[in-house]
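Participant: Sharing a structure below in C-alpha cells format, with a few things to ask.
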C-alpha cells in the first residue's frame, strides 16, 4: 500500500535546519557558509536536502541572493523556535552557570534596573541574565515577572517592591528667561507632555496640588513614559516622571524639578515570587537591598 506524505515524512537532519536558519538570517548562502565555517556548496546541498525531505521549496534563488518563499517563511518560525529551545536546554546542562530570565516594563528595565544590575553581576559572576522588556512573545518563560499597577493610594500598594511617585520636570531651556519660582498652577500654562492617553499621572499630580487638570499651554500625548521623558529632555514640554527614573538627568541638569514638593504616588511595581528559588531567590535578596536603600 502506498504511504501518505505524512507517513513518509521524516524529521530532517539537524545540520540542514541550522543551515536553513543561517541562510534565512543572512540572505545569502555564501554569508551563511562563512558563519558556519563551511563552503557555499555544502550549505546549498544541506538546504536542498531539507527541501527534498519536506517536499517544498524554501527559497527563491537569484544570481546574487536568496529570499524565503511563503512556505519557507512559515517553516522558519518553527525552526528558530526549535533551535532556541535546544540552545536553552544545552545551557541548562552547564552546571557552572545559572540562567535567570526577568520580565519587566521597559522604563523600569532601562532607567532603574540596568543602572543597578552591574552590582548583581559582580556578586554573581556565574549568572547569565535575560531581561525581557518588550512583549514580543519570547519563548523563554520568565523566572521573575515585574508588573506595574496604578494606584493613588500609597497604603494600597505598600507591599510592592517599588513605589512610583511622580513629579513635574522639564528641560531648563523650556523655562529659560523665566523669573522666580513656579507655582503649581503656573505649570499648566506650559506645554504638557502626557505619558498615557488619559493623563493619569497628571491628574494625580493636579489632585495632590489642589488643581483641576486643565492644560492651557497645549499638550502632546505619548503611549509610554519612556517617550514622554525623551520629549521632556528635548524641551518639548513639562512631563511627569519618577525621580528614581531620572536620577542622572536631574544630577546633570538635563532636567529640573518644578514644585518638587508635589510628588504623589501614582502606582507601584510588584514582583512575582518564584516557585523555586536558586538564582531567582538570590536576585530577590539583591533587589530587596536596593529597595531598602531607596526607602531610606
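The values are calculated or read from the model by the stated rules, or taken from the named source; none is laboratory data. Predicted, not measured: the structure shown is a model, and the values here were computed from it. Neighbour counts run over all protein chains shown; Cβ positions are idealised from the backbone, glycine included.
Participant: Within the stretch 189-220, take every residue that is within 32 Å of the chain's Cα centre (by Cα) and farther than 19 Å from residue 152 by Cα and give me the one that is surrounded by the most Cβ atoms within 10 Å (Cβ to Cβ). Break it down stepwise before answering.
Facilitator: Of the residues in the stretch 189-220, the ones within 32 Å of the chain's Cα centre (by Cα) are 190-208, 213, 215, 218-220.
Applying the additional criterion that residues be farther than 19 Å from residue 152 by Cα yields 190-193, 215, 218-220.
Working: 190: 20, 191: 18, 192: 24, 193: 29, 215: 19, 218: 9, 219: 15, 220: 14.
In this case the residue turns out to be 193.
Participant: Would you point out the residue of the stretch 236-248, among those that are out of contact with any strand residue (DSSP E or B) (no Cβ under 8 Å at 6 or more places or on another chain) and outside any loop (DSSP other than H, G, I, E, B), that is surrounded by the fewest Cβ atoms within 10 Å (Cβ to Cβ)? Write out each step before concluding.
Facilitator: Step one: filter the stretch 236-248 for residues out of contact with any strand residue (DSSP E or B) (no Cβ under 8 Å at 6 or more places or on another chain), giving 245, 247-248.
Checking the rest, the ones that are also outside any loop (DSSP other than H, G, I, E, B) come to 247-248.
Working: 247: 13, 248: 11.
Per the stated criteria, the residue is 248.
Participant: Give the residue that is farthest from residue 203 (Cα to Cα), with candidates limited to residues of the stretch 136-178 that are in contact with a helix residue (DSSP H, G or I) (Cβ under 6 Å, 6 or more places away or on another chain), in a loop (DSSP other than H, G, I, E, B) and modelled with pLDDT under 90.
Facilitator: The extreme case among them is 139.
Participant: It is to be established whether one or more residues within the stretch 50-68 are in contact with a helix residue (DSSP H, G or I) (Cβ under 6 Å, 6 or more places away or on another chain), surrounded by 18 or more Cβ atoms within 10 Å (Cβ to Cβ), in a helix (DSSP H, G or I) and free of Cβ contacts under 8 Å to residues at least 60 places away in the same chain.
Facilitator: Yes, the stretch 50-68 contains a residue that is in contact with a helix residue (DSSP H, G or I) (Cβ under 6 Å, 6 or more places away or on another chain), surrounded by 18 or more Cβ atoms within 10 Å (Cβ to Cβ), in a helix (DSSP H, G or I) and free of Cβ contacts under 8 Å to residues at least 60 places away in the same chain.
Participant: Does the stretch 184-232 hold any residues that are touching a strand residue (DSSP E or B) at 6+ places or on another chain (Cβ under 8 Å), assigned to a loop (DSSP other than H, G, I, E, B) and on the phi < 0 side of the Ramachandran plot, and which are they?
Facilitator: Within the stretch 184-232, 190, 191, 195, 196, 197, 215, 217, 222 qualify.
Participant: Name every residue in the stretch 99-113 that is more than 19 Å from residue 166 (Cα to Cα) and more than 11 Å from the chain's Cα centre (by Cα), in order of residue number.
Facilitator: Scanning the stretch 99-113 gives 99, 100, 101.
Participant: Identify all residues within the stretch 273-290 that are within 21 Å of the chain's Cα centre (by Cα) and at pLDDT below 80; write none if there are none.
Facilitator: So the first thing to find is which residues in the stretch 273-290 are within 21 Å of the chain's Cα centre (by Cα), and the list is 273-274, 279-280, 283-284, 286-287, 290.
Selection gives 273, 274, 290.
Participant: The conditions are (1) in contact with a strand residue (DSSP E or B) (Cβ under 9 Å, 6 or more places away or on another chain); (2) under 30 Å from residue 100 (Cα atoms), and residue 68 fails exactly one of them. Which is it?
Facilitator: Single failed check for residue 68: (2).
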